[in-house]
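Participant: Once you've had a glance at the structure underneath, I'll fire off some questions.
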Amino acid sequence: MQLIISPSKGWTDVAAVGEQPQQLAASGFYPFLGITACSAFIPRIYDKHLTLPMLIESAVVTFVSYFVAYFLASALMSATIGHVSGDNPGEKKINTFIIYNLAILALITMVRNCLPMELSLVQFMPLFVLIVMWAGRQYLNVDEGRIPTFLLLCALFILIPPYVIGYIFKLLMPI
């Protein structure tokens, strides 16, 4: 919650705790993705045309999109972080950074699933994650002159993949 309320202070708190990304993922991120996937069933409350297979498909696509996006972002960020960071922050910090940002995106997906209509405000909420990423520049020791490149990499490797992967999976699904 601290990352949402005050991103700069939130990243300071994340750095102070120094969590292990594997433990953070296993005890928080993966279960949260499961809850986010289960929220795909909520639209059935206000849209009676949604069938159970459609809801199950949506739940699976939601979970898999974020799950795959995490590993994809981890590989891509680890390979490119040296271009924007003065000293390599290490895989632990990179993965923690990715987990928290993807968790905020998953929270936005959960909110979207709970609303009975499309709200333009909710559609633009993922852009708030860019603000959280910008505040995380100090957490990853990003050079001041490389912040635009860093934000571009974050958008390409963390922000966009869950949506692209979800879109591809929905195209491949038979329903």
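Participant: Counting only Cα atoms, I'd like the Rg/Rh figure for the chain, Kirkwood definition for Rh. Don't skip to the end; give the middle numbers.
Facilitator: Working: Rg = 16.6 Å, Rh = 16.8 Å.
Result: Rg/Rh = 0.99.
Participant: Still on this structure: Show me the trypsin sites (Lys or Arg not before Pro) within the range 7-69 that DSSP assigns to loop and that have at most 15 other Cβ atoms within 10 Å of their Cβ.
Facilitator: Working: sites: Lys9, Arg44, Lys48; in loops: Lys48.
In loop regions of the range 7-69 (DSSP not H, G, I, E or B), the sparsely surrounded trypsin sites (Lys or Arg not before Pro) are Lys48.
Participant: Mean Kyte-Doolittle of at least 1.0 plus a Cα span of 30 Å or more along the axis: flag which DSSP H helices in the chain meet both, please.
Facilitator: Details: long enough: 52-80 (41 Å, 1.57); 91-114 (34 Å, 0.83).
What comes out of the filter, once short or polar helices are dropped, is 52-80.
Participant: I need two numbers for the range 101-175: Rg to one decimal and Dmax as a whole number, Cα atoms only, in Å.
Facilitator: Spelled out, the Cα radius of gyration and Dmax of the range 101-175 are 14.6, 47 Å.
Participant: Further question: Just from its helices, what would the mean residue ellipticity at 222 nm be for the chain, if runs of 4 or more DSSP H residues each count -39500 (n - 2.57) and the sum is divided by every residue, rounded to the nearest 500 deg cm²/dmol?
Facilitator: Values: 10 runs with 116 residues, N = 175.
That calculation yields -20500 deg cm²/dmol at 222 nm.
Participant: Separate question: For q = 0.13 Å⁻¹, what log10 I(q)/I(0) does the range 1-79 give under the Debye formula with an equal point scatterer on each alpha carbon and no solvent?
Facilitator: Debye intensities relative to I(0), on a log10 scale: -0.58.
Participant: Separate question: Among the GluC sites (Glu not before Pro) within the range 26-132, which fall in a DSSP loop and have no more than 14 other Cβ atoms within 10 Å of their own Cβ?
Facilitator: Working: sites: Glu57, Glu91, Glu118; in loops: Glu118.
Sites meeting the loop and neighbour criteria: Glu118.
Participant: Turning to a different aspect of this structure: Quick one: divide the alpha-carbon radius of gyration of the range 131-175 by 2.2 N^0.38 Å and tell me what you get. Intermediate values should be presented prior to the final figure.
Facilitator: Working: Rg = 14.7 Å, N = 45, 2.2 N^0.38 = 9.3 Å.
In units of the globular-protein estimate, the range 131-175 measures up at 1.57.
Participant: Also: Can you list the lysines whose alpha carbon sits under 25 Å from that of Lys9, skipping same-chain ones fewer than 8 residues off?
Facilitator: Lys92, Lys93
Participant: Write down the Å³ per residue value for the convex hull defined by the alpha carbon atoms of the range 112-154. It would help to have the intermediate numbers written out before the result.
Facilitator: Details: hull volume 3.5 nm³, N = 43.
Convex hull volume per residue, Cα atoms: 81 Å³.
Participant: Any chance you could run the full-extension gain for Arg44 through Ala75? It's 0.36 nm times the residue separation minus the Cα-Cα distance, nm to one decimal.
Facilitator: Values: separation 31, 0.36 × 31 = 11.16 nm, distance 3.62 nm.
Full-extension gain reported as 7.5 nm.
Throughout, read-outs are computed from the coordinates displayed, never taken from laboratory work. The structure presented is a predicted model; accordingly, all values stated were derived computationally and were not measured. No Cβ is skipped: glycine too gets one built from the backbone with ideal geometry, and neighbour counts run over all protein chains shown.
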